1. Ratio of alpha-carbon Rg to the 2.2 N^0.38 Å globular estimate for the range 22-106, to two decimals, please.
2. Which three extents, in angstrom, do the Cα atoms of the chain have along their principal axes, listed largest first?
3. Considering only protein heavy atoms and a 1.4 Å probe, what is the carbon-and-sulfur percentage of the accessible area of the range 195-275?
4. Taking the chain as a Gaussian network, where each spring joins two C-alpha atoms under 10 Å apart, which residue of I240, I90, I231 fluctuates the most?
5. Quick one: Cα convex hull volume of the range 142-255, Å³ per residue?
6. Looking only at trypsin sites (Lys or Arg not before Pro) in DSSP loops with at most 12 other Cβ atoms within 10 Å, what is the longest site-free stretch of the chain?
7. At 7 Å along the Cα-to-beta-carbon direction for both I240 and K30, put a label point, then send me their distance in nm to one decimal.
8. Hey, any idea what % of the range 29-98's accessible area is carbon plus sulfur with a 1.4 Å probe?
Amino acid sequence: MSRADQIFIENCKQILEYGVWNNTLEVRPKWADGTPAYTKKVFALVNRYNLAEEFPILTIRRTFFKSAIDEILWIWQKKSNTIQDLNSKIWDSWADENGSIGKAYGYQLGQKYQFKEGVFDQVDKVLFDLKNTPASRRIIAHMYNVQDLKDMHLYPCAYSMTFNVSGNKLNAILNQRSQDMLTASNWNVVQYSILLIMFAKASGLEAGELVHVIADAHIYDRHIPMVEKLITQKQYQAPILKVENITDFYKFTVDSFQLENYQYTSFEDKIPVAI
């Protein structure tokens with residue numbers, strides 16, 4: 001069984017059994033029919049994935065591997081905030097008439113700042129520090145820029161990465177303020193595992209551990225029956241990840257990554273998304 005399956009099932013069981021409802025509060029998200037989208041949640045889940053052991057992708061349902069990578073490249077490599085640069089439709093609900101999501105996600109990573117070593121955007125500063133000062137405890141990129149929140153169509157959910165080099169291993173902490181467990185939990189894990197691997201290869205390091213910290217881990221009210229069904233589905237062994245031998249962060253493409261023997265159980269339920 002995949003370690004990602006184990007963690008996901010444990011997280012969902014914890015929420016279902018011990019979670020707290022927010023249905024006594026006014027909530028922002030709504031269903032397509034205008035009904036408030038309430039959640040059952042737990043505070044501060046911390047999950048650890050050792051990328052040296054296996055690639056953390058669900059097998060109890062399919063995670064769309066290529067689309068997940070496409071989005072993480074859109075944010076961290078293209079540093080884009082326009083949906084025209086993205087091959088999927090996942091951001092269409094938050095885009096304006098020009099296809100922009102405002103000053104969110106990739107926009108923040110692409111802004112240039114003066115550092116003592118020179119002028120960099122946040123991604124290039126991480127790359128510089130990993131190559132030149134790997135012992136640093138200050139290798140961080142974040143997208144929760146308070147002064148620009150008013151101009152973001154959605155505040156960043158996964159908002160920061162803290163990188164840490166131990167020996168020849170690159171580890172990282174992904175901080176996430178909010179996690180819709182059914183629609184996006186493993187999606188984000190897959191994305192940021194790939195991102196960690198990209199930074200490691202670009203820095204002459206080996207990918208180590210991804211630690212995923214979720215402040216508000218929740219299941220939406222209309223998702224609960226689907227989650228209860230999903231966590232009982234058949235599990236398989238994790239697939240093998242194959243990565244092209246690329247050392248330039250900006251040369252990676254969706255096709256640089258392949259999964260061998262990715263087996264998963266079909267899950268055909270149509271999942272509504274709260275907006």
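1. Values: Rg = 16.8 Å, N = 85, 2.2 N^0.38 = 11.9 Å.
Computed over Cα atoms of the range 22-106, the ratio equals 1.41.
2. Largest to smallest, the principal-axis extents are 51, 43, 32 Å.
3. Numbers: 1920 of 3990 Å².
On the range 195-275, the fraction of accessible area on carbon and sulfur atoms equals 48 percent.
4. Ranking I240, I90, I231 by mean-square fluctuation puts I90 first.
5. Details: hull volume 17.9 nm³, N = 114.
Cα-based convex hull of the range 142-255, divided per residue, equals 157 Å³.
6. Working: sites that count: K89, K116, R137, R138, K234, K270.
Segment 139-233 is the longest.
7. Taking the two extended label points, one gets 5.1 nm.
8. On the way: 1580 of 3370 Å².
Summing carbon and sulfur atoms, their accessible area is 47 percent of the total for the range 29-98.
The values are calculated or read from the model by the stated rules, or taken from the named source; none is laboratory data. Fair warning: this is a prediction, and the values are worked out from it, not measured in the lab. Glycine gets a Cβ as well: all are built from the backbone with ideal geometry, and neighbour counts include every protein chain shown. Each accessible area value is taken on the protein alone, full model and side chains, heavy atoms only, with ligands, DNA and RNA left out. Shrake-Rupley method; radii C 1.70, N 1.55, O 1.52, S 1.80 Å.
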